[in-house]
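The values are calculated or read from the model by the stated rules, or taken from the named source; none is laboratory data. Just so it is clear, the structure is predicted and the values come from calculations on it, not from any experiment. Cβ placement follows ideal geometry from the backbone for every residue including glycine, while neighbour counts extend to all protein chains displayed.
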Amino acid sequence: MTGAATGGTAAPVAQPPAASARAPRGHTPGGRPVALVGAIVLLLLAVVASLAIGSRPVPPTGVWAALTGGEVPAPDAAAVVGLRLPRTVIGLLAGSALATAGAVIQALSRNPLADTGILGVNAGAGFAVAIAISALGVTTPAGYVGFALAGAAVATVAVYLISNASRGRIDVSQLVLGGMALSAVLAGLVSAIRLTDPRRFSALQVWESGTFQARGWDVVVPAAPAVVAGLVVALCLGRSLNALALGDDVATALGTHVSATRLACIAATALLAGGATALAGPIAFVGLMVPHVVRWLVGPDQRWLLGLSALIGPVLVLVADVVGRVVMWPGELPVGVVTAVIGAPVLIMLVRHRRMVGL
């Protein structure tokens, strides 16, 4: 007898979810390890390409021999160890820093179009470098590092004070507006300084384009600690940022200290963006685009988002550096120009897809 015949109610039959409502495979727990392994493989390939490709191509076996002290022609060893290895390390550090900082600032501001320039960090670094050139005559990339880091730190503190920090809390909207205002003011001052002696500031124009050219270990050593410290802080914020995405009240109920989390986000962003800018100058689109790609792959979980951003960011930067070396051979195209050319159409494609911009 059926339920209808006995006067009862038939149990509802579960219907499978519509195909359009199913999450992409990358959003499932099973897809996240696949994305992680794929990111690691891509990063290894990008590192090999960065060490092997250039005006003097070196096969992977020659790269390995040069790195391990094996038998290799002296010009190949000089190209790999003396020139390309420092550039590769810079690409790894700068790419990880920019992508992770972009993910942090997007989560903090709840703005999918936010990037590392939103706190005025890049503008502060550029202004400090301009002062170093105009007042002290600094003309080498190694000489810019300390000034760029100091300028980034001062700009971050200034933006923090502009916001409601004096009341014991951080207002994200005021933080963003303060960063944008400070960036505009410092950019105007840099333009004014540049006009006083255009020939002398040609070095600043090269630095502002974002390039790895003429950079060695003397640039890596002072900037690397800031990047590493910023990565450690950022990667520890995943759980707190997940709670913060639910709202301040819910985050507090879950045991998250909202103000401390926001302050840690600001500190991490300053360290990451300041270190990356000191290493290579301002590089566009990395901090804006990579978190969107990673969010599409693994979803909005900040623990996975921050970790994969730190892996995929260097892939984009290293590939851009390799493309810049060969596309205008025997000349060289700055990394910042290549990332802008690659990033603009890719970002347009990404933001048109609703799944990729949701926070």
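Of all residues in region 110-150, which are buried (at least 21 other Cβ atoms within 10 Å of the Cβ), under 13 Å from C265 (Cβ atoms) and either of a type outside the set (V, I, T) or out of contact with any helix residue (DSSP H, G or I) (no Cβ under 6 Å at 6 or more places or on another chain) (or both)?
Result: A114, L119.
What pairs come up if the first residue lies in region 249-270 and is within 17 Å of A101 (Cα to Cα), the second is of a type in the set (S, T, Y), and their beta carbons are under 6 Å apart, counting only those six or more places apart or on different chains?
Here the result reads T261/S240; A270/T156, each pair linking region 249-270 to a residue that is of a type in the set (S, T, Y).
Condition test on A101, is it surrounded by fewer than 24 Cβ atoms within 10 Å (Cβ to Cβ), part of a helix (DSSP H, G or I) and touching a helix residue (DSSP H, G or I) at 6+ places or on another chain (Cβ under 7 Å)? Let's see the steps before the verdict.
Working: surrounded by fewer than 24 Cβ atoms within 10 Å (Cβ to Cβ): no; part of a helix (DSSP H, G or I): yes; touching a helix residue (DSSP H, G or I) at 6+ places or on another chain (Cβ under 7 Å): yes.
Taking the combined requirement at face value, the residue does not satisfy it.
Report, by residue number, each residue of region 251-264 that is within 23 Å of S163 (Cα to Cα), modelled with pLDDT under 90 and in a helix (DSSP H, G or I).
Step one: of region 251-264, the residues within 23 Å of S163 (Cα to Cα) are 251-252, 256-264.
With modelled with pLDDT under 90 added as a condition, the list becomes 251-252, 256-263.
Selection gives A251, T252, V258, S259, A260, T261, R262, L263.
Are any residues in region 101-139 in contact (Cβ under 8 Å) with a residue 24 or more places away in the chain and more than 20 Å from the chain's Cα centre (by Cα), and if so, which ones?
Once the filter is applied, which keeps residues that are in contact (Cβ under 8 Å) with a residue 24 or more places away in the chain and more than 20 Å from the chain's Cα centre (by Cα), region 101-139 yields F127, A128, V129, A130, I131, I133, S134, T139.
What pairs come out if I take residues in region 40-56 that are at pLDDT below 95 and pair them with residues that are outside any helix (DSSP H, G or I) and among the β-branched types (V, I, T) whose C-beta lies under 6 Å away, six or more apart or interchain?
Listed by first residue and then by second, the contacts come to A52/V58.
So which residues in region 151-167 are β-branched (V, I, T) and either in contact with a Cys (Cβ under 7 Å, 6 or more places away or on another chain) or buried (at least 23 other Cβ atoms within 10 Å of the Cβ) (or both)? First the steps, then the outcome.
Going through region 151-167, the residues β-branched (V, I, T) turn out to be 154, 156-157, 159, 162.
Answer for region 151-167, where residues must be β-branched (V, I, T) and either in contact with a Cys (Cβ under 7 Å, 6 or more places away or on another chain) or buried (at least 23 other Cβ atoms within 10 Å of the Cβ) (or both): T156, V159.
Any chance you could count how many residues in region 195-216 are modelled with pLDDT under 75 and of a type in the set (G, A, S)?
Residues meeting the conditions: 2.
Can you tell me how many residues in region 185-242 are without any contact (Cβ under 8 Å) to a residue 60 or more places away in the chain and either assigned to a loop (DSSP other than H, G, I, E, B) or among the acidic types (D, E) (or both)?
So the answer is 3.
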